[in-house]
1. Using a Förster radius of 41 Å, what is the FRET efficiency between residue 193 and residue 56 based on their Cβ-Cβ separation? Nearest 0.05, please.
2. For residue 65 and residue 87, what does the FRET efficiency come to when R0 = 41 Å and r is the distance between their Cβ atoms, rounded to the nearest 0.05?
3. Multiply the residue gap between residue 130 and residue 164 by 0.36 nm, knock off their C-alpha separation, and tell me the result in nm, one decimal place.
4. For residue 229 and residue 201, calculate 0.36 nm times their separation in residues minus their Cα-Cα distance, and state this gained length in nm to one decimal.
5. Please give, to one decimal in nm, the separation of the simple spin-label points placed at residue 111 and residue 237, each 7 Å out from Cα toward the Cβ.
6. Give me 123, 16 ranked fewest to most by other Cβ atoms within 10 Å of their Cβ, as a rough exposure proxy.
7. Based on the mean of other beta carbon atoms within 10 Å per residue, what is the order of 234-240, 183-189, most packed first?
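Here, each number is a calculation from the coordinates, and none is a lab measurement. It should be emphasised that the depicted structure is a prediction, and the values quoted were computed from it without experimental measurement. As a convention, Cβ positions derive from the backbone with ideal geometry for all residues, glycine included, and neighbour counts pool all protein chains shown.
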Ligand SMILES: Nc1ncnc2c1ncn2[C@@H]1O[C@H](COP(=O)(O)OP(=O)(O)OP(=O)(O)O)[C@@H](O)[C@H]1O
Ligand SMILES: [Mg+2]
């Protein structure tokens, strides 16, 4: 199984292999030969097809032993640094159901804050605040304001994961703002602890909705967004900037393909509004 992580601003595709044993502890028959190899030196995945092997090359590849920290270093650090310099960026995890997208982006559902297995989203927020602190320790007078939102898209409907009573909010478009989500809660965070509280709150809301409203988790997209406003005085003038980073855990890719055969499945790709929303990300 393979999860892919695409990061922009500096367009970069990372492929992460997940061993079958990672998915719910199934044991592997070690007498069987592996159908693919990972060549980390050349960033390639070699699929043992006949008569010739097929080689896929990525910007980065991560094998089944690559840690969450190493994956974050590959996909996250540069984008956070760019975002603090005023560029927008997105990190998307996509792949089949069970390939490790949510694990890569969030981590384990228990003890997220202290776990070594915490994923790209918590690590991105930790790194964001560590870079801000580092800049301020080195004399920077730049002031930052970080605001977060956390939403889920399920069957063409948007739910605010920071609002326990969210019944669905609307995607809107106007001349000034372009495409935006009306009424989405944006909460100010000042440190990683604030960020963790939001991630855990949203995550719990997502799980409650899964059980109480019969939603299927692998059919929904989760988007965690951090908007960063910076202000600095340069030569007597106030210089300000706004950028944003979108951290996205997409629905299983085969669920989207299944749209044609099962109308209850995710229909996002058919909706022009959502198309432009994702293009904007
Ligand atoms: N690298 C890994 N190490 C250990 N366990 C993993 C790893 N990747 C995934 N898992 C485990 O595999 C299972 C499936 O992973 P996950 O829920 O992240 O898949 P997914 O791609 O998000 O699936 P879906 O499309 O259904 O949402 C989970 O129990 C998760 O904890
Ligand atoms: Mg998932």
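1. 0.55
2. It comes out at approximately 0.80.
3. Taking residue 130 through residue 164 to full extension adds about 9.2 nm, to one decimal.
4. Full extension of this stretch gives 7.7 nm more.
5. So the label points at residue 111 and residue 237 sit 5.3 nm apart.
6. Final ranking by Cβ density, sparse to dense: 123, 16.
7. 183-189, 234-240
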